[in-house]
Amino acid sequence: MTFETRLLVSAPRTPRSARSASSTGGRAVGAGRTASRLAGSTKPRPLPKGEPPKRGGKGRHGARRDGRGAPQPKLGPDGKPRKRHLLLKWLLGILGAVILAAVGAFAYLYLTTEVVPPEKQALAQKTTVYYSDGTTPVGSFAEQNREIISCSALPKYVGNAIVASENRSFYSDNGIDLKGIGRALLNNVTHGTRQGGSTITQQYAERYYLGETTSYSGKLREAMLSLKIAQTEDKDTVLCNYMNTIYLGRGSYGIQAAAQSYFGKEAKDLTMPEAAMLAGIIPAPSTWDPAVNPKQAESRYRRVLSIMQEDGYISAKDRTAAVKAPPKTIDYSPQNVYQGPNGYILRMVHNELSNGKKAPFTADELDTGGYRIVTTIDKGKQDLMHEVASPTAGGKHLPGGLQVGALSVNPKDGSVISFYAGDDYLKQQLNNVNQATFQVGSTMKVFTLLGAIQSGVNLNTVFNGNSPRTFHSVGKSVANAENISYGYVNLYSALANSVNTAFMDLNEHVTPQKTAQVAHTAGIEGKIDDTTTFDTLGVDALTDWDLTQGYQTIANGGRKIPLHLVSQVRDGKDQELYTASTRGEQVFNADQVALLQKAMTGTVQYGTGTQARAVGRTLAAKTGTANDDTAASMAGFTPSVLTTFGIWQPGPDGSAQKVPNFAGYPHGSGYPTYLFTQYMKQALADTPDEKFPAAKDGGRIGGPDGTWGTGRGSYGYGYGYQRPYGNGNGNGNGYRNYNYNNYNNQGNQGGQQVTPNQGQQSTQPRTQPNSGQ
């Protein structure tokens, strides 16, 4: 055993010649005996006690060999041999190459970045607004005013106020705020928005050398330029250049222009409080202008004063005095770019894109971004609307002070086609479309009728349409226009003739809450008093925009789409930045709305809006006259064009006054229908007639419980209604039946018949209702 162990461990290697002989069939000395002893056993022989095993040596290529001389591969944790590879070397090589490239790029960008004096910098490009064709300009935003001055004449507190507001570490930092950049990057990743986090040096580079650099590549260029500015210019020079180029609202670039726009003086004459006020609004000067948002402006003003005291720029006494007596800004006159009727377009576009928490742009971005804004406004129809609606156009002779508001939209996508808001924005900045309000009158009745349809009422249900009638819900007597009694009428004729008493009766069943809820669901945002059944008569004041939004949903089969007059926004490189959404939301049952549309066609065919039959198209409409004759309105549509008109007579203090009689229109009633007809007749010229969807009335006569109205149908008159007529002496003695189904699309009258008086006979004079009910 000892001999065998010694042989295994310490026997000399077989000579090369012996191994060669063995491989060729010869026998070397001792080879046979060794082989015979080892044959038949694959187990390693045990070693002598206390003797450690010998490690194998290394082969020619560095691989470790075992005791028998065989290569021994490196083993991994799993016991399997490790594969050799060069991945680590490749990674190190790539990393080194990237670092070298980055260093080279940095050096190149730094050497080639030019710091240009502020006086040689072009002002920010104007944003231009276009009509729907994308080529005809409406106008541009913000006349630009800038004057470069020497800062040596400025009081120190002017610069100190700006430093306190924008960059407290300005005098000690290297021009780049790494924390701010990191914070902006985190916000961009987590919220998907672009945010800055800039020092004064970065803002100087960002806004007036490179434009708004809120993209990642833009931030890199901004940081490079900021670094070079910080290395090549002293702090006073950087601050002075910043003050000479910063946008401060009111079309003013630089502290000199801003001092003149806000305080009517030169920058060198600014007081410390005035400087603090200007410094405070730098982040959003158009929005935080003291004349626009005094609360926010004062908050920013106090913030700047507090920081100035903390940083030793002013004393506590100075701060207290400034807080007690904040500076007053001068009145701001809008630039000439807003002159004329186009000024309303520009302001409405500006507000649509920058107002609200979810606005896609800030006011300052619109003023200085150099964007191309394409509106939905049709130039030809806008000119037509102005010619029709303007009280001063076309030689009209209207009462002095009479106001007109008009809006025409495509109900299928909510786009504004044309509107009339006034003759000159600089002379009257109150917009007659989306700011001025008037009582919309009986145009509200359609929302009550839709509520009735939703409740399961058949529109052939008969209601008492005599006048006057007393209603317990209001404790008052209510009359129809001109106090006309219509006898017993179904809901088709009640809507067509705008019968107040029938709708007050109907609203007691529908409830005023339901009427208001339907109107708000349709898109009306103005306040509606839902505590009184009078809400069906439109006693609340709304804007024309609000009324049109509500009717858009009805004209579009119950799908509400927000009205808008901006189609898209593109930047200077023609890249799309914004596109209006036209998807909308289905808020009403389409079949129920189709039934309402069917009822509304009666207004034009045989009701209070028969003037509009001259349009020669299938129309659905509703007229309205305000309580006490303070306003009148008309809203009508085809499936593709919805147009509304309103007139009202404000007093010197803006209060509602009775509209005078003029041109044969008693208190203006019927004049909006005339305007509607003049516009739509030309706007729809050369367009095909469009039909409304077929409607089926699945409601129950008398309503769900049989108690609505008289609980009966319309006496077998189909969709007819009974209108009283006179016999020459003013006393009504019968009813004339007009059959709804016998009117064709052009409004030609069908058969007529006289039927016995089956309802209450009125003792009131039988005059025809005016067309403005």
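Summary table below
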quantity	calculated
Qualifying positions in region 498-517 - surrounded by fewer than 24 Cβ atoms within 10 Å (Cβ to Cβ) and either assigned to a loop (DSSP other than H, G, I, E, B) or over 44 Å from the mean Cα position of the chain (by Cα) (or both)	Thr511
Where a residue in region 354-365 is under 16 Å from Gly251 (Cβ atoms) and its partner, wherever it lies, is among the hydrophobic types (A, V, I, L, M, F, W, C), with Cβ under 8 Å and at least six apart	Ser354/Phe361; Ser354/Ala363; Ser354/Leu366; Thr362/Ala284; Ala363/Ala284; Asp364/Ala284
Top-ranked residue of region 391-418 - restricted to ones that are under 21 Å from Ser669 (Cα atoms) and among the hydrophobic types (A, V, I, L, M, F, W, C), ranked as surrounded by the most Cβ atoms within 10 Å (Cβ to Cβ)	Leu407
Pair list, Cβ under 7 Å, 6 or more apart: region 521-547 residue in contact (Cβ under 8 Å) with a residue 24 or more places away in the chain and polar (S, T, N, Q), other residue surrounded by fewer than 21 Cβ atoms within 10 Å (Cβ to Cβ) and assigned to a helix (DSSP H, G or I)	Thr533/Glu508
Only one of Gly370, Gly401, Gly414 that is at positive phi, touching a residue at least 12 places away in the same chain (Cβ under 8 Å), small (Gly, Ala, Ser) and touching an Asp or Glu at 6+ places or on another chain (Cβ under 8 Å)	Gly370
Residues being among the polar types (S, T, N, Q), within 31 Å of the chain's Cα centre (by Cα) and surrounded by fewer than 24 Cβ atoms within 10 Å (Cβ to Cβ) - total across region 605-646	2
Tabulated pairs, region 491-518, first under 15 Å from Thr461 (Cα atoms), second at pLDDT below 95 and buried (at least 24 other Cβ atoms within 10 Å of the Cβ), C-beta under 6 angstrom, 6+ apart or interchain	Ser493/Tyr721
Failed condition for Tyr344, given (1) at pLDDT below 90; (2) among the hydroxyl-bearing types (Ser, Thr, Tyr); (3) within 14 Å of Leu565 (Cβ to Cβ)	(1)
Residues (of a type in the set (D, E, K, R) and either without any contact (Cβ under 8 Å) to a residue 24 or more places away in the chain or closer than 14 Å to Asp544 by Cβ (or both)) located in region 417-436	Lys427
Hits in region 437-455 - residues which are in contact with a strand residue (DSSP E or B) (Cβ under 6 Å, 6 or more places away or on another chain) and either at negative phi or surrounded by fewer than 24 Cβ atoms within 10 Å (Cβ to Cβ) (or both)	Thr437, Phe438, Gln439, Val440, Ser442, Thr443, Val446
For Tyr344: the one exception among (1) in contact (Cβ under 8 Å) with a residue 12 or more places away in the chain; (2) within 18 Å of Tyr262 (Cα to Cα); (3) not in a loop (DSSP other than H, G, I, E, B)	(2)
Verdict on Asp318 being surrounded by fewer than 22 Cβ atoms within 10 Å (Cβ to Cβ) and part of a loop (DSSP other than H, G, I, E, B)	no
Yes/no for Lys358 being under 23 Å from the mean Cα position of the chain (by Cα) and assigned to a loop (DSSP other than H, G, I, E, B)	yes
Residue ID - modelled with the lowest pLDDT, chosen from residues in region 366-407 that are of a type in the set (D, E, K, R) and touching a Phe, Trp or Tyr at 6+ places or on another chain (Cβ under 8 Å)	Asp367
Filtered residues of region 647-667 (kept if of a type in the set (Gly, Ala, Ser) and either in contact with an Asp or Glu (Cβ under 6 Å, 6 or more places away or on another chain) or surrounded by 13 or more Cβ atoms within 10 Å (Cβ to Cβ) (or both))	Ala656
Check on Gly395, without any contact (Cβ under 8 Å) to a residue 12 or more places away in the chain, of a type outside the set (Lys, Arg) and out of contact with any Lys or Arg (no Cβ under 9 Å at 6 or more places or on another chain)	yes
Candidate set from region 466-479 (those that are touching a residue at least 60 places away in the same chain (Cβ under 8 Å) and touching a strand residue (DSSP E or B) at 6+ places or on another chain (Cβ under 9 Å)); member that is surrounded by the most Cβ atoms within 10 Å (Cβ to Cβ)	Asn466
Test: residue in region 300-310 that is among the aliphatic types (A, V, I, L, M) and assigned to a loop (DSSP other than H, G, I, E, B)	no
Residues of region 139-169 that turn out to be at pLDDT 95 or above, surrounded by 17 or more Cβ atoms within 10 Å (Cβ to Cβ) and outside any helix (DSSP H, G or I), as a count	1
Gly249 closer than 22 Å to Lys126 by Cβ and touching an Asp or Glu at 6+ places or on another chain (Cβ under 6 Å)	yes
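The values are calculated or read from the model by the stated rules, or taken from the named source; none is laboratory data. This is a predicted model, so every value here is computed, not measured. Positions of Cβ are generated from backbone atoms using ideal geometry, with glycine treated the same way; all protein chains shown enter the neighbour counts.
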